[in-house]
1. Residues of the range 314-341 being open to solvent by less than 20 Å² (accessible area, probe 1.4 Å) and either touching a His at 6+ places or on another chain (Cβ under 8 Å) or assigned to a loop (DSSP other than H, G, I, E, B) (or both), which ones?
2. Mind checking which residues of the range 777-797 are among the small types (Gly, Ala, Ser) and assigned to a strand (DSSP E or B)?
3. Taking the criterion of being under 24 Å from Thr335 (Cβ atoms), open to solvent by less than 30 Å² (accessible area, probe 1.4 Å) and part of a strand (DSSP E or B), would at least one residue in the range 392-405 satisfy it?
4. Being on the phi < 0 side of the Ramachandran plot, in contact with a helix residue (DSSP H, G or I) (Cβ under 8 Å, 6 or more places away or on another chain) and outside any loop (DSSP other than H, G, I, E, B) is the filter here, so list the residues in the range 301-313 that pass it.
5. So which pairs qualify, if the first residue must be in the range 390-415 and touching a residue at least 24 places away in the same chain (Cβ under 8 Å) and within 20 Å of Arg548 (Cβ to Cβ), the second must be part of a strand (DSSP E or B) and open to solvent by 30 Å² or more (accessible area, probe 1.4 Å), the Cβ gap must be under 8 Å, and the two must be at least 6 apart or on different chains?
6. So Gly491 clears everything in (1) open to solvent by less than 10 Å² (accessible area, probe 1.4 Å); (2) of a type outside the set (Val, Ile, Thr); (3) at pLDDT below 95 except one condition, right? Which one?
7. Mind checking which residues of the range 121-138 are loosely packed, with under 13 Cβ neighbours inside 10 Å and small (Gly, Ala, Ser)?
8. With the structure loaded, tell me whether Leu577 is free of Cβ contacts under 8 Å to residues at least 60 places away in the same chain, in a strand (DSSP E or B), open to solvent by less than 10 Å² (accessible area, probe 1.4 Å) and of a type outside the set (D, E, K, R) or whether it fails that test.
Amino acid sequence: MPRLTNWSGLILLSAFAASSAAAAGWQHVGNVQRVEKLQDGVELTAGSAKVRITAFRDGVIRVRLAPQGTFAKDFSWAIIESPEPTAVNIEDGKTEMRMTAGRVVVIVKKSPLLITFADSNGKVLLADEPSLPMAWDGTYIHSWKGMPAEESYFGLGDKPGPLNHRNRAYTMWNTDFFGWQESDDPLYKTIPFFIGLQKGTAYGLFFDNAYRSSFDFGKESPDYFSFGAEGGELNYYFIAGPEPKKIVEQFTALVGRTPLPPYWSLGYQQSRYSYYPEARAREVVQTLREKKIPADVIYFDIDFQDGNAPFTVNREYFPHFEKMIADFRAQGVRTVLITDLHIKKDPGHGYAPYDSGIKNDVFVKMHDGSLYVGKVWPGDSVFPDFTLSRVRDWWGSLYKNFVDMGVAGFWNDMGEPSTFQTLSKTMPLDNVHRLDDGTTLDHRALHNVFGMQNVRATDEGLLKLKPDERPFVLTRAAYAGTERYAATWTGDNSATWNHIGMSVPQIMNLGLSGYDMVGADVGGFAGSPPADLLTRWYELGVFYPMYRDHAAKGTADHEPWASGPAHEAIRKRYIELRYELLPYIYTSMEETSRTGIPLMEPLFLEYPAAEALYGEDHEFLFGRDFFVAPVVTEKVDALDVHLPPGHWYDFWTAEIHESGDQISLHPTLAETPLYVRAGAIIPMQPVVQSTNEKPDGPLELRVYMGEDCHGTLYQDDGHTFAYKKGDFLRVNFTCDVTPHGMTITSTFEKNAYQPWWNSTQLKIYGAGADPKEVRIGDQPIHEWSYDRQAHCITLSVSDALKNWNVHLSF
């Protein structure tokens, strides 16, 4: 939603983000005077400081610095994984100490204390900058690392600009930034994790510190990068690869992965600020259904509320609110409501959230003990102290009325936390937050986790209200690990060609940072997109993990039909493609929930040895099997597409392209270049109007002949947790190609869920001629067809809910 003022020139940057490493005041750690062996590593004494280096698990090493020799209580908002015992061997010499833990060797030079991480073959992966050991200056802490000339850096959440962060510097401080552009920073999220990659070898580093922090990847010096924070502990995790996918898997194991979302949330979502009154909302849903444009969700922004007060309904605008929700649900459209994390200060008027909050002492206090009051959408507002579990329980209970109405999901906005009429755009930094152990911390320490704890409260509250229903929560603000509780989007983007292009590296870096259920506002939030731009964005949005159209007040309509019949037809076709691909998308998201590997992947994640792909900002993988080269520029004289390694089929024409081909295209407005990996087996379905609708027809399997030929289908009921008890279906498909034929095999790994289909239509691409014979099992069949232009054989397997194989002889 739009903000009252754009304080872009007044964003508070970290005082040390651009400071010289040699600035007066830094006290660098000195010489090692003592080495004490621990069960899981070592503790080093260097003057007043102590450094602990421990093996968290095989491939993950933790480093902690205590400048005055006393380590703080060990606590993390992000880390959920417990350490795993790892054999540690310590070799303590005169000038250096070597610690071997699994596949990582840590080498510590003693004079001064410098840390190097290497693999078991001695290859250096990451090392302290020799002239700049770890340092502190009062509460500030910092670390400098050597920066090889060819190393690239990825991650850090939703930073705008290119995919590769080299030669750029960033501040991590959750900030409400309406109208942000390519060089603006900081934005809404703090995910202090990155991947370093050079020549196919990768490592990861997670700096677990929720204070305002900074990362500088060569802007200060071409010789080193650095990171640090204004307070808290120098506490980081080194994650060995060497494969980038292994880094992502290990990091997401540490901080938690995106849970399997409700199936409906992967459909098309319609939103704007705001759909009101009730007649307008009904008109939008009715138009979607009349025009047969598939959709699963409609959002309601703050105008559905009474005076913008959360957990209320404006009965003048929405006289039949409950019936409207039920009517939409009957049409296959679920409702998502915004519930900002502030509460209107409204004593004496029967506003239950405020009255019960005061009674139960749930709101944030100022440093003098008085109630903190900030200006937000309702005017004077108070803020729940989400760092207390009892407050999170109270907040979660506020959703009961909406859940009872049938509301399907909730949108927690303004979680930075955002306030108006202040230069900082947030609450005072000396506000006091209470913790469950009876201690307190000021807002400096908890600002970046405030939104995270808000959506945690929402998520946990919904699970208590409907224990067997997967929650859907959407947030803008986050700290590392917030993906456990909520989906996210890239915030208040703009309706410009620059922003459609930026959305791709932004979402990819979020995925690398553990955040997988992500979208960007299709069409751009701020401003009115030209028709061609909006159509291109509908095409690209198909391949976002979350596909939501959203727009600001005062902008032109963004709905699929907004620009006339020609544009509507294109947009509708791509929304339909999203629904045809839902079996593949849901299968991929289930894998994401287990591995952390994002649905929208940068090319290097699958092809780390292909260095030419490291800087590719706009081409990406959609799962492992689709390669997408979207049009993100206004004028397309020619679009040069650089295919990744391997062979690739054009999705639209079935033309096959050789490994490394450079293709020069002239895509029309209706065309988005889309390719499928040779060897992929893609499950698809007939078009439906919503995920509530049972597809009419067989499951379609598209088999693209090639090496490493396989695919998977995962299905369950789409909304409960029955799958955790084993109630799901997983089918593995393979194909084996020989000079004289091919065999396609379907094997049920788990068959405890009854799917909507019982037959399968096979479309086999890459066949150079009619088959001489086709058999299902041992039985020859004669009902099949061959498309010579597409080189495609089509046939059906009628009894597909059991293991089967199809053999074709050529």
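1. If we filter the range 314-341 for residues that are open to solvent by less than 20 Å² (accessible area, probe 1.4 Å), which is where we start, we get 318, 321, 324-325, 328, 332-333, 335-341.
Answer for the range 314-341, where residues must be open to solvent by less than 20 Å² (accessible area, probe 1.4 Å) and either touching a His at 6+ places or on another chain (Cβ under 8 Å) or assigned to a loop (DSSP other than H, G, I, E, B) (or both): Phe318, Gly332, Val333, Thr339, Asp340, Leu341.
2. So in the range 777-797, the residues among the small types (Gly, Ala, Ser) come out as 777, 785, 790, 796.
If the condition is that a residue be among the small types (Gly, Ala, Ser) and assigned to a strand (DSSP E or B), then Ser785, Ser796 are the ones that fit.
3. No; the residues of the range 392-405 include none that is under 24 Å from Thr335 (Cβ atoms), open to solvent by less than 30 Å² (accessible area, probe 1.4 Å) and part of a strand (DSSP E or B).
4. Within the range 301-313, Ile302, Phe304 qualify.
5. Qualifying pairs under 8 Å: none.
6. (3)
7. Start the filter on the range 121-138 by keeping residues that are loosely packed, with under 13 Cβ neighbours inside 10 Å, which leaves 121-123, 138.
Of everything in the range 121-138, those that are loosely packed, with under 13 Cβ neighbours inside 10 Å and small (Gly, Ala, Ser) turn out to be Gly122, Gly138.
8. Taking the combined requirement at face value, the residue does not satisfy it.
The values are calculated or read from the model by the stated rules, or taken from the named source; none is laboratory data. Since we're looking at a predicted model, the values are computed, not measured. Cβ sites come from the backbone with ideal geometry, for glycine too, and all protein chains shown count toward neighbours. Calculation scope for accessible area: heavy atoms of the full protein, side chains included, ligands and nucleic acids excluded. Shrake-Rupley method; radii C 1.70, N 1.55, O 1.52, S 1.80 Å.
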